[in-house]
Amino acid sequence: MSLNTIAAGASPLALFRDYLQRGELAYQFDAASGQPVFFPRVIAPGTGNAVEWRVSGGKGTVHAATVISPRGEPPYNVVLVDMDEGFRLMSRVEEVPADAVRIGMRVRSRVHTPGDGAGAAPYVVFVPEAA
Amino acid sequence: MTQHGLKRGACAIAGVAESDLGEVAAGLSPLDLMGQAAQRALADAGLSLRDVDGLFATTSQSRMPTLALAEYLGIRPRYHDGTNIGGCSFMSMVAHAQAAIQAGLCEVALIAYASTQRSLGRANVAAPDVNPYESPYRPLYTASSYALAASRHMHEYGTTREQLAQVAVAAREWALLNPQAWEKEPLTVADVLGSRMVSTPLTVRDCCLVTDGGGAIIVTSAERAKTLRKRPAYVLGVGEDLGHYSISNMPDLTVTGAVRSGAAAYAMAGLKPADIDVVQVYDAFTITTLLFLEDLGFCPKGEGGRFVADGAIAPGGQLPVNTSGGGLSYCHPGMFGIFVLIEAVRQLRGEAGRRQVAGCDTAIAHGNGGTLSSQSTVILGTQATL
C-alpha cells in the first residue's frame, strides 16, 4: 500500500492520474476521522484535515446503474460503484452488454487509457469480478 | 421550533407573471423575457418599476444576471441577490428577500428568471461543468443523474416504470386544463413506456420539457401587500438545504435535502403535510415528484410509486400535485422553480381556472436544483391562515 500525504502545490487530479498511469486506483483517507475521501482534494471534507493517499484493492459493488443509447452509437452504461474501502465513484462496467449490468453486481477495476488523441487522460472502468 | 428571525406571515408574494412561453419569437433574449415578465408581475401587483428596490435574478445565459437586468430595467436597486443553485434558486430568493425586507434592506423585491433554451439549444445555454471524475463516462446531464437515483429507488422499494409513468400522465391531465401549457394532447402510461429511452429507466416522457420562457415574482412586506391589487399569498415558511453537487457524492440516492428544507418550512409555518391544500414540486423528471412526495411527508419513504399509481395526484385525485402541468407538460425553460411558485400563488388566489383546487388556503412550493442537489421549500397561505 502506498501512503503519502499531499504536498503543498500539488494537484490532487494530477496525482490521481499518476496512480492510474501505474495501473492503480487511488483514493484519499482522513486518518483523524477514519473516513475515506473521494474525489481527491487538497483537504479532507468536513474536517479540513490533511489527507493521505491510499491505493484501492479495486473491488466493489454496483450501487446504481443507467444505460444510455445515443442515436447511431452503441449503448453504454454509467454506474456508481461502492468500493470495498467505503468510497463511491462514477464509472462504467465493460465486458458485458451495456444493459446486463445489475445493482449488486461485484466488479473489479481496470485502468482505461483512451487511444484517441495525445494527452487523453486515463480513467478507471470496471469489469465483472469473475471475468 | 424555528431557530431564525424570519417571521411567519411577515412578507407576501404580491405579483406573479410568466413571460412568453414555449418557443418565443426569434431573437428574443432572456433579458427581454425577464423584462416582459417583470412588467406583467408588477402590473399584477399594481406596482411599477419605480417601486422596485430589491433585485433578485438568475439565468444560465448571463454571467452577471442582476447587473444585466438592472441595466435593462433602468433601476438602481438598494439590495440584490444573484443566487444560482439551479431550479430552486427562486424559493431561496423568496427566503432571502424576506430576510432583506425584514432587515429594512429593501421593501419591494423583484425575482426574475428567463431562458431561451428551446430556441438556442440546451447545450448552448446551460453547458455542465467539466468534472474529471464523471465526464469521461459521458452521463447525460442531468438525465443520467436522475436515472441513477431512479434505478436505486426501484431496487430498494420495488418502484416500477409504470408508476413513474403515472407521474407524467397526471401532469399531462393537469396540463390539458391549463391554456398556457405547451402539451395539448393526452398521454397514457403506454405512451410513456414506449417513448424513446433517454437514460434507463427514464424515457423522454419521464423527462421535463425543453422550452423557452421566463417568470417574475414580487415579494413585499405583508403591510405593503395588503394595500396592493391582488390578494397576498403570505410566506408562512421557508427552508433551504445545500447538499452534494455531483450525483456521485449524493449520500443516499433515495433521500433528498427536501427532508431538511421541508422540515424547516413546516416548522416556521406551524403546519404539517396534512394541512397543505395544494402541492407544487419541481418535476424535473418523474422520479423527482416521487422523491419529493416522500421527503415532504405526503407518503412514507419508498411508497411514492404506489401512492401515485391510481391517479392520486391527477385531477380529481386525493392530493392535487403540479396543477399547472409542471415541467413535464406545462413549460420548462430550465430552472423551473419560479413557475412552481407562480402556480402556487394562482391557486391561493383562486385564479387557476379549470384546474382550480377548491378551498385552497395553503400551498407548498418546492424547488430542486442541480442533480437532486439543492432543495428549497416555500409554504404560502391566504389571509385565512394568518
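List of remarks:
- Sorted largest first, the principal axis extents computed over the alpha-carbon atoms of the stretch B:123-213 equal 44, 36, 18 Å.
- The stretch B:211-221 - phi-based ³J(HN,Hα) in whole Hz, Karplus 6.51/-1.76/1.60, Gly and Pro as x: 10, 8, x, x, x, 8, 9, 10, 10, 8, 5
- Stokes-Einstein diffusion coefficient of chain A, Kirkwood radius over Cα pairs, 4 °C, 1.567 mPa s, in µm²/s: 82 µm²/s
- Take the Cα of B:D310, step 7 Å toward its Cβ, do the same at B:T160, and the gap between the two points is 1.4 nm.
- Mean projection area, nm², convex hull over Cα of the protein assembly as shown: 24.9 nm²
- Diffusion coefficient, µm² s⁻¹, Stokes-Einstein with Kirkwood Rh over alpha-carbon pairs of the stretch B:237-386 at 10 °C and 1.306 mPa s: 104 µm²/s
- For the stretch B:165-307: rounded, prolate or oblate by the Cα gyration tensor [a/c cutoff 1.5]: oblate
- Backbone N under 12 Å from the B:A43 label point (7 Å along Cα→Cβ), restricted to the stretch B:1-28: B:17-20
- Restricting the stretch B:233-307 to GluC sites (Glu not before Pro) in coil, as DSSP defines it, with at most 16 other Cβ within 10 Å: B:E303
- Partner chain coverage, peptide B:122-133 - average Cβ within 10 angstrom: 2
- Using the Karplus relation 6.51 cos²θ - 1.76 cosθ + 1.60 with θ = phi - 60°, the per-residue 3J(HN,Hα) values for the stretch B:241-248 come to 9, 9, x, 5, 10, 9, 4, 4 Hz, with x marking Gly and Pro.
- Within the stretch B:218-376, DSSP assigns beta bridges of which about 50% are antiparallel (rounded to the nearest 5).
- Burial order of peptide ranges B:17-28, B:358-369 (average beta-carbon count within 10 Å, highest first): B:358-369, B:17-28
- Prolate/oblate/rounded call for the stretch B:33-75, Cα gyration tensor, a/c under 1.5 rounded: prolate
- Taken over chain B, the ratio of Cα radius of gyration to 2.2 N^0.38 Å equals 0.90.
- Placing a pseudo-label 7 Å from each Cα along the Cα-to-Cβ vector at A:T47 and A:T113 gives an inter-label distance of 3.5 nm.
- Average other protein chain Cβ within 10 Å of Cβ, residues B:154-167: 1
- Relative contact order for the stretch A:4-55: 41 percent, from Cα pairs under 8 Å spaced at least 6 residues apart, divided by residue count.
- Computed over chain A: relative contact order in percent, which uses C-alpha pairs under 8 Å that are six or more apart: 21 percent
- Where a label projected 7 Å from the Cα of B:I75 along Cα→Cβ would reach, residues of the stretch B:103-119 with amide N under 19 Å: B:103-115
- Sparsely packed loop sites in the stretch B:94-194 (the trypsin sites (Lys or Arg not before Pro) outside DSSP H, G, I, E and B with at most 13 other Cβ atoms within 10 Å) comprise B:K184.
- Whole-number D in µm²/s for the stretch A:59-128 (Stokes-Einstein; Kirkwood sum over Cα pairs; 4 °C, 1.567 mPa s): 103 µm²/s
- Alpha carbon centroid spacing (whole Å) that separates the stretch B:335-386 from the stretch B:286-321: 16 Å
- Cα gyration tensor shape of the stretch B:1-61, rounded if a/c is under 1.5, else prolate or oblate by comparing a/b with b/c: prolate
- Across chain B, C-alpha contacts under 8 Å between residues 6 or more apart give a mean separation that, scaled by the residue count, equals a relative contact order of 26 percent.
- Where GluC sites (Glu not before Pro) fall in DSSP loop in the stretch A:24-109, at most 13 other Cβ within 10 Å: A:E95
- Inter-chain Cβ neighbour count for A:121-131, averaged per residue, equals 1 (cutoff 10 Å, partner chain atoms only).
- Lysines with Cα under 21 Å of B:K7, excluding same-chain neighbours fewer than 8 positions away: B:K226, B:K272
- Gain on full extension, evaluated as 0.36 nm per residue between A:R71 and A:E95 minus their Cα-Cα distance, stands at 6.5 nm.
- Separation of alpha-carbon centers, the stretch A:9-82 and the stretch B:114-158, rounded to whole Å: 20 Å
Every number in this text was worked out from the coordinates using simple rules, so none of it is lab data. Only a predicted model underlies this, so the values are computations on that prediction, with no experimental measurement involved. Every residue, glycine among them, receives a Cβ derived from its backbone with ideal geometry; neighbour counts consider all protein chains shown.
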